Amino acid sequence: MRSSTLRCVPYLTRAALAGPDPATVGGARVLVASNRGPVAFSFSETGGLMARRGSGGLVSGMQQVIHDAGGAPNARPRAAGGLAAELAGGGSVDDAAVAVAESSEADPPSGIVWVCAALSEADRRATRLSPDGRLDRAGFDTGGAAVRMLDVDRVLFDRAYNGVANRTLWFVLHLLFAPASEPSFGATFWRDWEAYEAYNAMFADALATEAATGAAVLIQDYHLTLVPGLLRKQRPDLRISHFTHTPWAPPDYFQILPDRVSRAVIGGMLGADRLGFLTARWATAFRDCARALLGDEVLIGEAPADETLADGARLEDAGRTLRVERASVPVQVTSNGSARGGQAAPGGQQGVDDRAGASTALLEPAAAADAPAGHEAGPDGDLAVEHGGHLVRIGVHPLGVDAAALRTRAAATDVTSRAAELRELVGDRRLIVRIDRTELSKNIVRGLDAYRELLRTHPEWRGRVTHLVCAYPSRHDLPEYREYTAAVQRIATEIEDEFAIDDWLPLRLEVTDDYPRSLAALTLADVLVVNPIRDGMNLIAKEGPAVSDRDVALVLSREAGAYAELGTDALVINPYDVTATAEAMDAALRMPIDERRRRAGRLAALAARLPPGDWFRQQLDLLPAPTATP
């Protein structure tokens with residue numbers, strides 16, 4: 001098959017695809033690259049642009065780092081003359097262009113640039129009104145960071161994002177394919193793969209242009225697996241990391257992908273200096289895929305003790321054993337259920353000490369990758385992989401929650417008013433809560449089936465319990481997700497039809513995304529159900545204990561990444577076993593108060609062990625030091 005990337009991106013020239021002029025070096029000291037950025041746009045009723053700030057762990061972590069770097073975000077968007085009128089729908093494109101030229105200002109003092117994609121037509125319009133896609137230079141409030149939004153053609157984006165990232169890589173990493181019937185890689189897939197290659201090349205070019213010499217570049221997730229290798233070729237001076245927020249598939253399943261694709265993904269990621277994963281299990285799976293796919297092209301802890309790699313690092317001569325540099329913090333639980341960590345992190349908070357006192361240990365390849373860490377942090381250090389003379393470290397960074405910020409948000413008026421509504425709905429009944437997007441991996445249908453079985457096999461709970469299910473539609477561009485949302489609605493209706501009586505509805509299904517309601521539900525839950533068939537972390541499992549006012553009992557899938565930390569104090573289930581899940585719900589409802597309190601205290605402490613700001617800084621700190629320039 002002949003490849004022609006230019007057919008996918010007719011608006012790009014061959015010179016653009018070749019990358020920026022090597023003599024051109026930007027000024028950013030820290031760069032972040034992700035599919036979705038910290039700001040998104042929509043159209044107002046009058047056709048103007050409205051900006052909204054992003055959410056999630058990555059944005060939260062970045063905001064703290066930006067604040068520390070001296071670029072604390074402004075509360076309101078900056079005015080930009082005629083551009084402000086255009087954003088409100090009252091100006092012309094030509095007026096806006098003049099305003100942009102007149103509003104050129106110094107980059108934000110944080111020295112941080114965030115590169116992301118335009119995901120909607122409103123995003124694309126904002127990007128075209130900004131010089132080189134730099135939203136901060138057009139007067140938008142970007143939270144103190146410089147944001148470069150890439151004007152990605154709609155068709156190319158759909159092919160790269162939906163065709164490859166979501167419909168192929170996501171499915172492989174979450175083990176969602178049914179190999180007897182899918183996938184099938186034909187001409188349509190290869191057209192989409194070319195778009196994915198071009199999409200990654202656009203990010204690499206933008207990062208190469210914006211980065212200062214020796215800058216740190218933090219690339220995020222499965223959308224951008226090729227970027228580290230592409231960027232390494234253009235800017236070998238950069239310090240590059242790639243973090244995967246999803247699980248990773250074992251080699252036998254990962255090799256469902258065409259050989260060319262699987263090798264490109266692994267090889268592209270190995271262009272980084274550091275690869276980050278949420279759990280040791282996912283890190284080990286990646287390591288095993290590298291070994292299976294690249295064979296003699298990679299060296300994984302097998303170099304002679306006196307062999308020095310290209311950058312001066314050494315690997316242990318340990319047979320099939322891997323050298324792990326631990327930087328973990330044991331979490332000690334006190335008698336009242338609170339926890340203390342090891343050394344104090346900067347600012348007085350407990351956190352992971354990434355440098356001082358880091359010990360070296362040997363980790364066998366099969367060393368309890370699936371076992372919960374309980375009250376000990378687990379291997380937050382590095383596996384070492386050498387590829388093409390380049391040393392790549394693989395580390396574990398289990399993203400946690402900012403408990404103080406969550407509790408402050410839970411005390412806000414909009415959340416407390418939703419809580420009052422829920423209390424009126426539930427009355428004196430026990431409350432089981434789940435909060436998910438309607439993704440195939442979240443296992444909502446089996447969870448609802450388990451609730452139905454609970455009511456059938458334990459009729460004493462009828463009329464005494466309510467199940468609040470917040471299932472927010474996701475990825476409706478894909479037919480599989482539309483059908484899954486419909487399946488959730490069908491089983492919810494079946495449960496209502498079977499059990500509802502005049503004064504009791506057994507279940508309340510909410511499909512309209514409402515963050516205040518979701519947070520209110522977490523504060524009131526007696527039982528929180530998190531039962532994915534596979535999940536990188538699942539922060540709901542951490543947010544629930546962090547904000548609970550009722551010492552929530554956690555029913556947790558052993559296939560969620562959060563299991564590695566929380567498994568000891570959760571009621572752990574096999575997500576495919578509906579009967580066991582029903583029995584875990586019953587056990588959670590019956591758990592004695594003192595035991596609930598002890599477990600909930602430990603869960604809350606562990607959930608907040610590595611909040612987003614510390615998580616982000618930890619990865620920055622563990623990148624290699626910049627190379628000295630003469």
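The values are calculated or read from the model by the stated rules, or taken from the named source; none is laboratory data. Since the structure is predicted, the reported quantities are computational estimates derived from the model, not experimental observations. Positions of Cβ are generated from backbone atoms using ideal geometry, with glycine treated the same way; all protein chains shown enter the neighbour counts. Areas reflect the complete protein model, heavy atoms only, side chains present, ligands, DNA and RNA absent. Shrake-Rupley method; radii C 1.70, N 1.55, O 1.52, S 1.80 Å.
Answer yes if at least one residue in the range 503-512 is touching a residue at least 40 places away in the same chain (Cβ under 8 Å), open to solvent by 10 Å² or more (accessible area, probe 1.4 Å), hydroxyl-bearing (Ser, Thr, Tyr) and assigned to a loop (DSSP other than H, G, I, E, B), and no otherwise.
yes
Consider residue 451 against the criteria (1) in contact (Cβ under 8 Å) with a residue 60 or more places away in the chain; (2) touching a Phe, Trp or Tyr at 6+ places or on another chain (Cβ under 7 Å); (3) open to solvent by less than 10 Å² (accessible area, probe 1.4 Å): it satisfies all of them except one. Which criterion is unmet?
(2)
Tell me yes or no: at least one residue of the range 258-270 is within 20 Å of the chain's Cα centre (by Cα), under 17 Å from residue 203 (Cα atoms), small (Gly, Ala, Ser) and assigned to a helix (DSSP H, G or I).
yes
Would you check which residues across the range 478-490 are assigned to a helix (DSSP H, G or I) and either closer than 14 Å to residue 171 by Cβ or touching a Phe, Trp or Tyr at 6+ places or on another chain (Cβ under 9 Å) (or both) and list them?
Selection gives 479, 480, 481, 484.
Of the conditions (1) touching a helix residue (DSSP H, G or I) at 6+ places or on another chain (Cβ under 7 Å); (2) more than 21 Å from residue 530 (Cα to Cα), residue 436 clears all except one; give me its number.
(2)
Specify which of the listed residues (576, 563) is open to solvent by 20 Å² or more (accessible area, probe 1.4 Å), more than 30 Å from residue 242 (Cα to Cα) and among the aromatic types (Phe, Trp, Tyr).
After ruling out the rest, the residue left standing is 576.
Looking only at the range 133-181, filter to residues that are in a helix (DSSP H, G or I) and among the aromatic types (Phe, Trp, Tyr); which one of those is nearest to the chain's Cα centre (by Cα)?
170
Out of all the residues in the range 275-289, is one or more in a helix (DSSP H, G or I) and at positive phi?
No, the conditions are met nowhere in the range 275-289.
Looking at the range 237-253, can you tell me whether even one residue there is under 23 Å from residue 476 (Cβ atoms) and outside any loop (DSSP other than H, G, I, E, B)?
Scanning the range 237-253, I find no residue that is under 23 Å from residue 476 (Cβ atoms) and outside any loop (DSSP other than H, G, I, E, B), so the answer is no.
Taking the stated definitions as given, is residue 267 surrounded by 24 or more Cβ atoms within 10 Å (Cβ to Cβ) and touching a residue at least 40 places away in the same chain (Cβ under 8 Å)?
For residue 267, the condition - surrounded by 24 or more Cβ atoms within 10 Å (Cβ to Cβ) and touching a residue at least 40 places away in the same chain (Cβ under 8 Å) - is not met.
When you go through (1) touching a residue at least 12 places away in the same chain (Cβ under 8 Å); (2) surrounded by fewer than 19 Cβ atoms within 10 Å (Cβ to Cβ); (3) within 23 Å of the chain's Cα centre (by Cα); (4) in a loop (DSSP other than H, G, I, E, B) one by one for residue 475, which number turns out not to apply?
(2)
Search the range 201-234 for residues being outside any helix (DSSP H, G or I) and among the polar types (S, T, N, Q), and hand back the single one that is nearest to residue 392 (Cα to Cα).
Selected residue: 225.
Do the conditions hold for residue 571, that is, is it within 20 Å of the chain's Cα centre (by Cα), surrounded by fewer than 22 Cβ atoms within 10 Å (Cβ to Cβ) and not hydroxyl-bearing (Ser, Thr, Tyr)?
Criteria not met by residue 571.
Please specify each residue of the range 393-441 satisfying the condition of being of a type in the set (Ser, Thr, Tyr), over 26 Å from residue 175 (Cβ atoms) and either open to solvent by less than 50 Å² (accessible area, probe 1.4 Å) or at pLDDT below 95 (or both).
The answer is 417, and nothing else.
Conditions tested, residue by residue: (1) open to solvent by less than 10 Å² (accessible area, probe 1.4 Å); (2) among the acidic types (Asp, Glu).
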| residue | (1), (2) |
| --- | --- |
| 247 | yes, no |
| 255 | no, no |
| 259 | no, yes |
| 276 | yes, no |
| 283 | yes, no |
| 293 | no, no |
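Just checking, which of 553, 541, 587, 546 is open to solvent by 10 Å² or more (accessible area, probe 1.4 Å) and either within 28 Å of residue 276 (Cα to Cα) or of a type in the set (A, V, I, L, M, F, W, C) (or both)?
Just one listed residue meets the conditions, 587.
Matching residues to (1) in a helix (DSSP H, G or I); (2) closer than 16 Å to residue 442 by Cα; (3) among the aliphatic types (A, V, I, L, M):
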position	(1), (2), (3)
523	yes, no, no
529	no, yes, yes
533	no, yes, yes
538	no, yes, no
542	yes, yes, no
545	yes, no, no
556	no, yes, yes
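When you go through 159, 137, 148, 191 one by one, which is the residue that is closer than 20 Å to residue 257 by Cα, crowded, with 20+ Cβ neighbours inside 10 Å and of a type in the set (Lys, Arg)?
Answer to the selection: 159.
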